[in-house]
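The values are calculated or read from the model by the stated rules, or taken from the named source; none is laboratory data. Predicted model only: the values in this text are computed from it and were never measured. Every residue, glycine among them, receives a Cβ derived from its backbone with ideal geometry; neighbour counts consider all protein chains shown.
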Amino acid sequence: MPINNEVTTVGIDLGGTKIAAAPVQGTNLISSEIRKEATPHAENSEEILDLMARMVDEISETNKISAVGISTAGMVNEKGEMIGSCGNIPAWKGTKVKKELEARLKMPVFVENDANCAAYGEFMAGSGKNFKSMIMVTLGTGIGGGIIFNDQIWRGAHFGGGEIGHLKLHSNKTRRCTCGAWDCWEAYASGTGLNNTARTFMANPNIDNYQLMDLHKHGDEDAIEVISTWHDHVAQGIATLANSFDPEAFVIGGGLAQFINYPKLNKKIKDKVVDALKAHVNVVEGNLENDSGMIGAACLANVELANQVTV
Ligand SMILES: [Zn+2]
């Protein structure tokens, strides 16, 4: 089902520190109307739900809104309920987000994992819009992933699809991952992983990634070595994903996306994939930046709404 460009939805991005919401007509973010509020650190989820509803009500005063899409940390089931842990919003665990917000707003609400929303946003409105299949790799403190095939998010049989940060780079038991296992991709290629590599190789054991990038920019040989090693780590995981899924493209987002040398990364991946795929490696930078989750959630609401109406 294609997007309906006549319909306006609200995309909400729930983060650990802030909630952002904006109207999106079709795939077009109305950026002049982005609203941001601090995320309430309430012990239950009521305050977060009430605040989201209030933000939608305010946007509805000047826009005809047909549905709402929510981008949230954590896994979401088919009923729009949070399952498992929810990152740095513990109160959100177990919340029946769709049911609660539909009761408050009296309109359809759709809820999706934030990495999936970011991927869907880039797929519908950003760097991925010319492809039928893509994998989004979000390189931040950790690694997020979203897999799109045949125009749809691959959610997995148990809503855990796309957890690409925990694929294994090797079995040497060298670095512990935040998930408790050894040598996940995230422990090497994320911002945390890059910083670990830098602290191991650089003279300054307290170096942060900003200092590292600054040294790299000024031609420091050790920094160049660390960044090159990091590109190897990023390439290793993408090569594994390319061999497994063979998508048309990979889109890189997150705070570290700007530090990737894309021609160099594409070449490193080509050296690692099976022969049949060497001519087809295509890794590009996302272009929606921090708005990808909000736009993705809104687009998802638009498409799901159309599905609902025709059923
Ligand atoms: Zn892990």
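Listed values, structure above:
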read-out	value
Filter result (buried (at least 17 other Cβ atoms within 10 Å of the Cβ), assigned to a loop (DSSP other than H, G, I, E, B) and charged (D, E, K, R)) within region 266-306	K272
Unmet requirement for K129, which otherwise passes all of (1) surrounded by fewer than 17 Cβ atoms within 10 Å (Cβ to Cβ); (2) of a type in the set (K, R); (3) within 16 Å of the ligand (Cβ to nearest atom)	(3)
Matching option when the condition is outside the structural domain of I143 (by TED's automatic domain parsing), at pLDDT below 95 and not β-branched (V, I, T), among E102, E37, E61, E78	E78
Residue that is assigned by TED's automatic domain parsing to the domain that holds F149, of a type in the set (G, A, S) and not in a helix (DSSP H, G or I), where the choices are G237, G255	G255
Residues (touching a residue at least 12 places away in the same chain (Cβ under 8 Å) and more than 15 Å from Q236 (Cα to Cα)) located in region 159-176	F159, G160, G161, G162, E163, R175
Residue within region 89-97 that is of a type in the set (K, R), in contact (Cβ under 8 Å) with a residue 40 or more places away in the chain and more than 21 Å from T8 (Cβ to Cβ) present	no
Elements of type helices (runs of 4 or more DSSP H) in region 146-230, at least 2 residues being within 13 Å of the ligand (Cβ to nearest atom) and either more than 27 Å from A249 (Cα to Cα) or outside the structural domain of S71 (by TED's automatic domain parsing) (or both)	186-189, 191-201
Spans of strands (runs of 3 or more DSSP E) in region 1-116 with at least 2 residues of a type outside the set (A, V, I, L, M, F, W, C) and at positive phi	none
Restricting region 241-262 to residues that are under 18 Å from E163 (Cβ atoms) and not small (G, A, S), the residue that is surrounded by the most Cβ atoms within 10 Å (Cβ to Cβ)	V251
Restricting region 132-150 to residues that are hydroxyl-bearing (S, T, Y) and closer than 22 Å to A189 by Cα, the residue that is surrounded by the fewest Cβ atoms within 10 Å (Cβ to Cβ)	T141
Single unsatisfied condition, A118 versus (1) closer than 13 Å to G296 by Cβ; (2) in the same structural domain as E186 (by TED's automatic domain parsing); (3) in contact (Cβ under 8 Å) with a residue 12 or more places away in the chain	(2)
